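Have a look at the structure below, then the notes.
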Amino acid sequence: MATESVKTFFNSPQFAVVGASTNPAKFGHKVFTWYHAHSLPVTPINPASASIETPFGVHPTVKSLADLPDPEHTSLSVITPAPVTLNVLKEAKKLGIPAVWLQPGTWDDAVIKYARGEDEANDDGGYEGAVVAGDGGDGHGGWCVLVDGERGLKAAGKL
């Protein structure tokens, strides 16, 4: 997996974080802030909050993936519980999102199988874009933007 999927992920011109949080202690906030710290254009997805404040300012949210202005050119970081993540992947597939990064804790075996198109029980063939998820990276629980993101940006020629 990894290197090519990470490069594909970071070659997108836009990024979004589903599960972006208003709480600075939560990973959804930390990951969203990481994109701003690296001067990457990022949209927070949070159906319960109109905006998210970071050290880089106040940022308006969108309520769902369908509200993204250009999903076909947006890579998606996912910070949601596994059952929610599965639905996010299905919507991402419908919208043509080219790449997803599933943060540690967002996936289980069913999510990984769907993400990699290995879910024989699912009629739609699974997610079709690049996937950064599962074992690997330098993070304790697998691939993590906060741990592996800079290496990915370098691999994509953006750092």
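The values are calculated or read from the model by the stated rules, or taken from the named source; none is laboratory data. Bear in mind that the values here come from a model prediction, so they are computed numbers and not experimental data. When we count neighbours, we look across all protein chains shown, and the Cβ atoms used for this are built from the backbone with ideal geometry, even at glycine. What goes into the accessible areas is simple: the full protein's heavy atoms, side chains included, and nothing from ligands, DNA or RNA. Shrake-Rupley method; radii C 1.70, N 1.55, O 1.52, S 1.80 Å.
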### Checklist (1) within 24 Å of Gly105 (Cβ to Cβ); (2) open to solvent by 30 Å² or more (accessible area, probe 1.4 Å); (3) part of a helix (DSSP H, G or I) applied to Glu72, failing item
(1)
### Query
Can you name every residue in segment 75-90 that is open to solvent by 50 Å² or more (accessible area, probe 1.4 Å) and among the aliphatic types (A, V, I, L, M)?
Val84
#### Entry: Conditions (1) under 26 Å from Glu118 (Cα atoms); (2) in a helix (DSSP H, G or I); number of the one not met by Trp34
(1)
### Message
With the requirement that a residue be farther than 28 Å from Gly157 by Cβ and buried (at least 20 other Cβ atoms within 10 Å of the Cβ), what does segment 38-60 give you?
### Response
Asn46, Ile52
### Query
Could you say which residue among Asp138, Asp119, Asp108 is farther than 24 Å from Pro13 by Cβ, buried (at least 17 other Cβ atoms within 10 Å of the Cβ) and in contact with a helix residue (DSSP H, G or I) (Cβ under 7 Å, 6 or more places away or on another chain)?
Asp119
### Task
Would you point out which residue out of Lys93, Lys113 is touching a Phe, Trp or Tyr at 6+ places or on another chain (Cβ under 9 Å) and either open to solvent by 70 Å² or more (accessible area, probe 1.4 Å) or free of Cβ contacts under 8 Å to residues at least 40 places away in the same chain (or both)?
Lys93
### Query
Residues in segment 83-104: is at least one in a loop (DSSP other than H, G, I, E, B) and of a type in the set (D, E, K, R)?
no
